[in-house]
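Everything on this sheet refers to the single structure shown next.
No lab work stands behind these numbers, since they all come straight from the coordinates. What you see is a predicted model, and the numbers here were worked out from it, not measured in a lab. Glycine gets a Cβ as well: all are built from the backbone with ideal geometry, and neighbour counts include every protein chain shown.
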Amino acid sequence: MFALEDVLLLIIVTYSVSLSVGYLLQKYLRMPWMFSSLFFGLILSALGLFRNTIESDLFKLLETLGMYLLLFIIGYSIDFKKMARLKNYVILGTVIIIAFEGFFGSLLLYFAFPTNISNSYLVALITALSFATVGEAVLLPILNEFKIINTTFGQLTLGIGTLDDIVEVLMLAVVAVLPGFLPIALTQNFPDPLMVLVDLGFMSILIFVIAKFGSKVGRVLEKNHTPSFVFSLLTLLVFFSFVALGNFVAESVASVGAIFGGIVLRELLPKERLHQNEQAIEFLGYIFLSPFFFLSVGASVSVASIFVAPLMVGLILLVANGSKYLASVALFRRLLGFKYSSLMGIGLGIRFSTSLIVQFILLKSGLITLDLYSALIAAAIFVTPVIIIAYSWALSRGKPP
């Protein structure tokens, strides 16, 4: 049992930690301030504090809405027109890097830790592909600080980080369908894969139709000098509508629906409203609710299992970051030189919200074990500050091409 006052107390403490520790992380280590909530969750997990409160229905609702809003932001940020203009080497780089991590990571998980991925190569592959997502939101302020966004190095980094958003959407769609095709589905109450496919197909058709006529709606809203509250309510209507459409079948499908909702909203809004509306969405997702999601991510980790299986953490770090490094040097050495192609491979090793969400859903679906999940989160936590410090130091020593 839990009391409302316990949830309110945890909310106050979480915001306080995010404000104080988050400020220090972002200012001095250039880490996203949201990581403070994740670290706080790890501490709560290790000490066993607030366990009943975190597992309560009310807090789980806040956690889930935070996750959906993060995915909604990802969908809203996808600019298909911009992606269509990406150079061939950005597309090639993204494909090769993803292929490297998917191949080597899946082999590691399938042959070294088969019981941790339901003895399924498909689960191993999806888990490995979650390594490949790039935290471009972490790299952007660093590139901006050193004024190298418009260099070849900066454009390649952000281009690869942007293009992998499409892969993230596909990964979540596969995670939504995957359980129904595995033996584990026979013993657990997973949704019918046909219903999942029908639901995803219906939402995809809806996106196509709205994309076709959305610009007309945007022009009407623009010409009529529509009050600002209309855009806020439209945002909430689209968000909850697509989450509800997905949730009719399964929670994992609702995650895809949240991304689809963000894509639809971008098509409906007038162009001059995109930036202003983005600020409002980011407040809801990043400031208001994301601390509770990241707290839950940290609290879901078994700290003890990290120390019991350090080899798993080390191998995941080696394969995940080594694959990006090798692919980057192989592809971009002639263009950037060995130093900066190596630095790019190191920087692309930063993983952020989407990879954490995919792994969180895999854990909640019972497709990966708590030990593997804990190792994945630990690997992301350990490597991020090291990469940020090394990345910033190297960029301070010279300007890349």
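The table that follows gives values for the structure above.
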{"quantity": "Interatomic Cα distance distribution for region 296-357, bins of 10 angstrom, percent", "calculated": "20, 36, 28, 13, 2"}
{"quantity": "Radius ratio Rg over Rh of region 216-338, counting only Cα atoms, Kirkwood formula for Rh", "calculated": "1.15"}
{"quantity": "Net +/- balance of residues flanking Ser396 in space, Cβ distance below 14 Å, scoring K and R +1, D and E -1", "calculated": "+4"}
{"quantity": "Sorted by Cβ neighbour density within 10 Å, fewest at the top, the residues Met171, Met195", "calculated": "Met195, Met171"}
{"quantity": "Cα radius of gyration and Dmax for region 4-396 (Å)", "calculated": "20.6, 63"}
{"quantity": "Cross-link reach list, aspartates and glutamates versus Lys324, counting only Cα pairs under 12 Å and skipping chain neighbours closer than eight places", "calculated": "Glu101"}
{"quantity": "Fewest-first ranking of Ile73, Ile11, Ile205, using other Cβ atoms within 10 Å as the exposure measure", "calculated": "Ile205, Ile11, Ile73"}
{"quantity": "Neighbour-limited loop hits for GluC sites (Glu not before Pro), region 3-63 (at most 14 other Cβ within 10 Å; DSSP other than H, G, I, E, B)", "calculated": "Glu55"}
{"quantity": "Net charge over other residues, Cβ less than 12 angstrom from the Cβ of Phe146 (K, R count +1; D, E count -1)", "calculated": "+3"}
{"quantity": "Highest-first arrangement of 90-96, 19-25, 292-298, where packing means the average Cβ count within 10 Å", "calculated": "292-298, 90-96, 19-25"}
{"quantity": "Entries in Lys271/Lys399; Lys147/Lys339; Lys147/Lys271; Lys60/Lys271 that, when Cα-Cα distance is taken, lie over 25 Å", "calculated": "Lys271/Lys399; Lys147/Lys271; Lys60/Lys271"}
{"quantity": "For Tyr68, Tyr15, Tyr286, order by how many other beta-carbon atoms lie within 10 Å, fewest first", "calculated": "Tyr15, Tyr286, Tyr68"}
{"quantity": "Average Cα contact separation per residue, region 1-41, under 8 Å, 6 or more apart, as relative contact order %", "calculated": "34"}
{"quantity": "Mean separation of Cα contacts under 8 Å, 6 or more apart, over the residue count of region 4-396: relative contact order %", "calculated": "29"}
{"quantity": "Cα point-scatterer Debye curve for region 295-401, base-10 log of I(q)/I(0) at q = 0.20, 0.23 Å⁻¹", "calculated": "-1.00, -1.18"}
{"quantity": "Helix runs (DSSP H) in the chain reaching 15 Å along axis by Cα, Kyte-Doolittle at least 1.6", "calculated": "4-24, 35-47, 88-112, 121-131, 228-247, 370-396"}
{"quantity": "Positive minus negative residues near Ser290 (Lys, Arg vs Asp, Glu; Cβ under 11 Å)", "calculated": "-2"}
